[in-house]
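Participant: Quick one: structure below, then a few questions.
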Amino acid sequence: MTAFLPLALLTLPLVAALISFAMPEARAVWRDASNILFALVKLALVGFLLLQAQGGVDFEWRYEFLPGHDFVLRVDAIALLFVTLSTFLWLIATIYAIAYFERGPNLARFFGFFNLCVLSATGVAISGTAITFFLFYELLTLATWPLVVHKGDEKSLTAGRVYLTYTLAGSAAFLAGILWLKALVGPLEFAAPPDLSPVPTLTLILIFVLLIGGLGVKAALLPFHGWLPQAMAAPAPVSALLHAVAVVKAGAYGILRVVHDIYGAGTVADLGLGLPLAFLASATILYGSLRAVMQNDIKKRLAYSTVSQVSYIVLGASLAGPIAAVGALVHLVHQGIMKITLFMCAGALANRLHIKAVTELDGAGRLMPVTMASFTIGALGMIGVPPVAGFISKWYLGSGGLEAGDAWVIAVLAGSSLLNSAYFLPLLYRAWLLPPQGDHAPVAELTGGWNRMLVLPAAVTALASLGAGLFASFPFSPLEWVSLIVDAGYLR
Amino acid sequence: MIGIEPALLLSAAAFWPLALAMLCVLPKLGPRMITALPLAPLPALAAAIYAPSGTEFGLPWLLLDGGIRLDDTRAVFLGGAAILWTLAGLYAARYLQNDQRAAGFALFWNLVLAGNVGVFIAADAATFYVSFALVSLMAYPLVIHDRKPASLRAGAVYIVLAVIGEVALFAAFLMGSAAAGGSILIADIRDTLAGPGTDPLILWLLIAGLGIKAGLMPLHIWLPVAHPAAPIPASAVLSGAIVKAGIFGLLAFLPWGTTWPISGTTLALMGFAGLFIAALLGAAQSNPKTVLAYSTVSQMGLIMGVCGVALATGLPAAALLPILALYALHHGLTKGALFLGVGMASVWLRNSRPFFLLLMGALALSLAGLPLTAGALAKAAVKGPAGEIGAALIGFSALTSGLVLARLMFTLPSATPDKNPPPAMMFAFLALVIAALSAPFVVYGQILGTDPDPTADLAKKIVEAWPLGLAVILAAAAAAVGMQAPRMPEGDLLEPLRRTALLAMAAFHAMSDTKASSDISTETDDAPPALTNIERIQAAFADRAATAVAFALISGGLFFALI
């Protein structure tokens, strides 16, 4: 029975997707209800899995779908971390999306693909082999495209085209990489890493470049980041999910898997590949921050911030040593909850006050205090101001860099923190300390049925990011959880 | 008080202001919270007095497994700050009673207070860092409280330097903690730094990060513009208590007991340079609050100069920290009282104005080190660890201190006849004057182990006070012949720096897609300067700068990876 639990994780969003597609618009309430219900059931299931996993049980379900290619779903500790994050944020984002769109055209399509997107993200998380990972990774690309172009205007369509071009090229490189490696060393199971010793060094390096290059597209590593700021044309709930758990995280998660579960951190270091990857990640961190400073559009600023922040994860993965690995994994969680907060707030501001540019933000704190308070927590977290979660990530990444003997990481983190302040503090200044432009009346944020769900989800994730930092040493915090995973040797 | 767990009292010291801060957010209650300001520091005061030295409290699930503790030095800092915060809070409750931004003021006041208390009781680097960030960032709204263009400019300078200081501290703590084998306890980090093979870079990151807050020359440029920009009670705590967060950090983290000839001498030079230059710059100001702010830079320069000497000679902590704590206590209370006094100068009753001037004069002379005063006691103590040259410099500095404080007396605004000082403000000021003039005598025996004897060698001390006498004579002579003090711009180096920065920012904004109404123009109240030819070139370069930086990083990285 327990073998089918991983399958159930995928079935739930699939059913939710089918219901959403099939439900006529007149029954939109039922669609909303079933979406929330399925998200809740999945959260309960994840909770059950968490309890089971405490006993050290890994769930696995396998099926040979092509000769020699096993389709393996495996819920290990890292997968569970990612699944918990995505399930929790799925529920939040679903509630937010329902409030955001209210009743509009094409919502059946939207929620259908929204669920498929979550299915793919879950699949990516619990893939047991590289080829399974690839299948879900591809599905994710295809399921996200209709969301990116949801508005259907010129800008969205262009963004969608760019998105597909980038990600399909990346997928091709990634597929070439895994097939090549599989031909050389046999099945690439994350739980049972292949023996790479017979493969010539140069080939290993080439394959590594193919794999990381392919995954780097979704993780928005320089120079493959171009699609991400354009994808801002998508509606806010999509951006929120895309940036927090779905697409960019799938890329970062894949890089973690490749570095730690296919190659092994030791091998990566021996091949001399860790340092160049760390440099690439650092360059992306600084470049993304630098570009973010220049944006006047709030969502674009957040998008470049994502480019920068996701590379923290890659940086942590590429530095050898357990502390850096803790930093990478914990930032996977922290960045997710902080960034989804920021995007949901940006969406709420655009929806209620039609504020889209930084320069229009004056006095927003007085008009929508709850939203801006959530935004402030998220932004301070991104800068790394304690006690918000971002500080914990940066602390571990910095310590990891020192542990690995790469003290220059501190300079990158410091530079990034300065740039983060440069692009977030002016927003907070405008929102809280300047008087509002024009004659907006304060928005009734917490009244009016579903309307409040535009505000509350961000408040919940903001509190979560505050809690994850403030109570970082509490037994069930992301940090403690990640430390357990790393101590237990899940990452080699 | 007996019966309350000391550890609980200590945690209440930090958490009580935070709780009050949360109340300030409530729409109805918020504006009224200004009257509750004097209550906020009371647990801190109680902890400083009643909690025994060595009280510790672990907060194992907070942050990175943090904790708080109290010892004698910390108690002096905590107690001094709590007295000042209480009385300044009382003053503020009346001063800002009808202010339209009272709720915001109360909120940030409480947050800064919580941070300030946290700095003094943090047992680990993470708690210290959180508290320090709270102090640094939340003081910004206090600085720009009146939203005047000058305040906004001062705030911009302040926040930029504060963030740079935060980042420097973050790097220092990371490296220090890594060197200490992952421990984040302040004691462990300090002991590791005192061990062999410590990277001076850590030391200097600490000095930079903490020195910015403490006004170490030349990182002081924010201080003479930011402290006067805030409302009077906020200026008092900024200059009296908040700069002490930087000083306390230096005392807590620097590796006392090991010799650092080069770093120590450099720090001593910077400190003593500040002692004299800032005092002279202050004597050339016309705003009494700016004069006082420069005097703060000067006095903190003295403390950091002594720190430098102690580092250079390898003086142990026990011989240094209590003395500097005493000096900081005296300066904090006196400077706070002087600021409150400046705020009252125009509303003090006409007929008792001589009494008011007498009080201000007494504070000023005490600060300059007149024999028999509390200031002389602190100054005599601080000469001990300062070494021969340092002691001579400190003795001579009474001249410049005297000049800057004489300047203060001449810049005080005159009384307006139809106003009376509100009793609450009067009480706060008088209480703080008494505290400032007596506190060093009260705690002297407890923290230095010997009883104060201000009358010993009195004749010698009076002779040694000649620089102060000279200052008084000079000031009196200048006043008699009607000589005008020279004028220096507030923030000395700031103006040239600001012009350069504005130029750079204009170029930077030219490349962003920000429209004409850019961030800069609203933040500094300057129209965006029209682009000159040079700026166009800069902008054109900057357009490609981001790409160029990225490519340089990548290619550099790959290059180094290959070799």
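Participant: Among rounded, prolate and oblate, which fits region A:1-85 when a ≥ b ≥ c are the square roots of the eigenvalues of its C-alpha gyration tensor, a/c under 1.5 means rounded, and a/b larger than b/c means prolate? Don't skip to the answer; put the middle values down first.
Facilitator: On the way: a/c = 3.28, a/b = 1.54, b/c = 2.12.
In terms of gyration-tensor shape, oblate.
Participant: For a bin width of 20 Å, list the pair-distance distribution of region B:6-480 built from all Cα-Cα distances, rounded to whole %.
Facilitator: 26, 61, 13, 0
Participant: Follow-up question, since we're still on this one. Where the centroid of each part is defined by its Cα atoms, how far is region A:121-171 from region B:329-389 in Å?
Facilitator: 70
Participant: Relative to the longest principal axis of the C-alpha atoms of chain A, give the angle of the C-alpha long axis of helix A:298-318, reported between 0 and 90° and rounded to the nearest 10°.
Facilitator: Taking the Cα atoms of chain A, the angle to A:298-318 is about 20 degrees.
Participant: Given the rule -39500 (n - 2.57) for each run of at least 4 DSSP H residues, summed and divided by the residues of chain A, what is its mean residue ellipticity at 222 nm, to the nearest 500 deg cm²/dmol?
Facilitator: Computed ellipticity for chain A at 222 nm equals -23500 deg cm²/dmol.
Participant: From the Cα gyration tensor of region A:341-492, with a ≥ b ≥ c the square roots of its eigenvalues, which class applies: rounded if a/c is under 1.5, or else prolate if a/b is larger than b/c, or else oblate?
Facilitator: oblate
Participant: Residue A:354 accessible area, nearest 10 Å², 1.4 Å probe?
Facilitator: 130
Participant: If I compute solvent accessible area with a 1.4 Å probe over the protein chains, what percent of it on region B:6-480 is carbon and sulfur? Can you show the working numbers first?
Facilitator: Values: 10750 of 15430 Å².
Reported share for carbon and sulfur atoms: 70 percent.
Participant: Using only protein heavy atoms and a 1.4 Å probe, report how much of residue B:35 is accessible, in Å² to the nearest 10.
Facilitator: Roughly 90 Å² of residue B:35 is accessible to a 1.4 Å probe.
Participant: Next question, about the same structure. Where the centroid of each part is defined by its Cα atoms, how far is region B:308-327 from region A:14-46 in Å?
Facilitator: Each part reduced to its Cα centre gives a spacing of 68 Å.
Participant: Between A and B, buried accessible area summed over both sides at probe 1.4 Å, in Å² to the nearest 100?
Facilitator: 3900
Participant: Let me ask something additional. Computed over the Cα atoms of region A:366-418, what is the ratio Rg over Rh, Rh following Kirkwood?
Facilitator: Ratio of gyration radius to Kirkwood radius for region A:366-418: 1.16.
Participant: Quick one: which bits of region A:278-292 get at least 30 Å² less accessible when the partner protein chains are in, versus the chain alone, with a 1.4 Å probe?
Facilitator: The answer is A:279, A:283, A:287, A:290.
Participant: While we're on this one: Tell me, what is the percent relative contact order of region A:265-492, built from C-alpha pairs under 8 Å that lie six or more residues apart? Show your work: numbers first, answer last.
Facilitator: Working: 371 pairs, mean separation 59.9, N = 228.
Across region A:265-492, relative contact order equals 26 percent.
Participant: Could you list the trypsin sites (Lys or Arg not before Pro) in region B:276-367 that lie in coil according to DSSP, counting only those with at most 16 other Cβ atoms within 10 Å of their Cβ?
Facilitator: B:350
Participant: Excluding residues on the same chain fewer than 8 positions from residue B:383, give the lysines whose Cα lies under 20 Å from its Cα.
Facilitator: Once the sequence-local lysines are set aside, what remains near residue B:383 is B:244, B:460, B:461.
Participant: Please report the carbon-and-sulfur percent of the accessible area for region A:265-492; probe 1.4 Å, protein heavy atoms only, DNA, RNA and ligands left out.
Facilitator: Working: 4210 of 6370 Å².
Its accessible area is 66 percent carbon and sulfur atoms.
Participant: Separate question: I'm checking a number: the convex hull volume of the Cα atoms of region A:423-492, normalised per residue, in Å³. What is it?
Facilitator: 162
Participant: Can you give the Rg to Rh ratio of region A:1-263, both from alpha-carbon atoms, with Rh computed by the Kirkwood formula? Don't skip to the end; give the middle numbers.
Facilitator: Numbers: Rg = 18.4 Å, Rh = 18.8 Å.
When Rh is taken as the Kirkwood radius, the ratio is 0.98.
Participant: Roughly how much of residue A:476 is accessible, in Å² to the nearest 10, using a 1.4 Å probe?
Facilitator: My reading of the accessible area for residue A:476 is about 150 Å².
Participant: Also: Going from most exposed to least, what order do A:208, B:57 have by accessible area with a 1.4 Å probe?
Facilitator: Values: A:208 10, B:57 65 Å².
Output order, biggest surface exposure first: B:57, A:208.
Participant: Here is a further query. At 1.4 Å probe size, put A:32, A:195 in order of accessible surface, largest to smallest.
Facilitator: A:195, A:32
Participant: Cα to Cα, under 24 Å, and not fewer than 8 places away if on the same chain: which lysines meet these conditions relative to residue A:339?
Facilitator: Qualifying lysines at Cα under 24 Å: A:42, A:151, A:155, A:218, A:249, A:299, A:300, A:356, A:394.
Participant: Here's something else I'd like to know. How large a share of the accessible area of region A:1-263, in percent, is made up of carbon and sulfur atoms when the probe is 1.4 Å and the other protein chains stay in place?
Facilitator: Values: 6380 of 9010 Å².
Here it works out to 71 percent.
Participant: Express in % the proportion of alpha carbon pairs of the protein assembly as shown at distances exceeding 55 Å. Intermediate results must be reported in sequence, preceding the final value.
Facilitator: Values: 109301 of 555985 pairs.
The calculated P(r) of the protein assembly as shown puts 20 percent of pairs beyond 55 Å.
Participant: Here is a further query. In square nanometres and to one decimal, what's the mean projected area of the convex hull around the Cα atoms of chain A? Before the final figure, lay out the partial values.
Facilitator: Values: hull surface 84.8 nm².
One quarter of the hull surface, i.e. the mean projection, equals 21.2 nm².
Participant: Sum up the charges of everything whose Cβ sits under 13 Å from the Cβ of residue B:178, counting Lys and Arg as +1 and Asp and Glu as -1, but leave residue B:178 out.
Facilitator: Charge balance in the 13 Å sphere: -4.
Participant: For region A:166-262, what is the relative contact order in percent, using Cα pairs closer than 8 Å and at least 6 residues apart in sequence?
Facilitator: Reported relative contact order: 35 percent.
Participant: Moving on to the next point. Find how many whole Å separate the alpha carbon centroid of region A:208-253 from the alpha carbon centroid of region B:94-164.
Facilitator: Between the Cα centres of region B:94-164 and region A:208-253 lies a distance of 38 Å.
Participant: Given Cα pairs under 8 Å that are at least 6 residues apart, what percent is the relative contact order of region B:207-349?
Facilitator: 34
Participant: If you don't mind, there's one more thing I want to ask. Calculate, for region A:302-439, the solvent-accessible area per residue in square angstrom, rolling a 1.4 angstrom probe over the heavy atoms of the protein chains.
Facilitator: Spelled out: the 1.4 Å probe surface of region A:302-439, per residue, equals 20 Å².
Participant: Rounded, prolate or oblate: which fits region A:55-174 when a ≥ b ≥ c are the square roots of the eigenvalues of the alpha-carbon gyration tensor, with rounded for a/c under 1.5 and prolate only if a/b beats b/c? Numbers along the way, then the final one.
Facilitator: Working: a/c = 2.69, a/b = 1.44, b/c = 1.87.
Oblate, because a/c is 1.5 or more while a/b does not exceed b/c.
Participant: So which residues of region B:64-88 lose at least 50 Å² of accessible area, probe 1.4 Å, when you go from the chain by itself to every protein chain present?
Facilitator: B:64
Participant: Taking a 1.4 Å probe, which of A:74, B:153 shows the most accessible area, and what order do the others take after it?
Facilitator: B:153, A:74
The values are calculated or read from the model by the stated rules, or taken from the named source; none is laboratory data. Being a predicted model, the structure only gives us computed values, none of them experimental. Note that each Cβ is placed from the backbone with ideal geometry, even for glycine, and that neighbours are counted across all protein chains shown. Note: areas computed on protein heavy atoms with side chains; ligands, DNA, RNA excluded. Shrake-Rupley method; radii C 1.70, N 1.55, O 1.52, S 1.80 Å.
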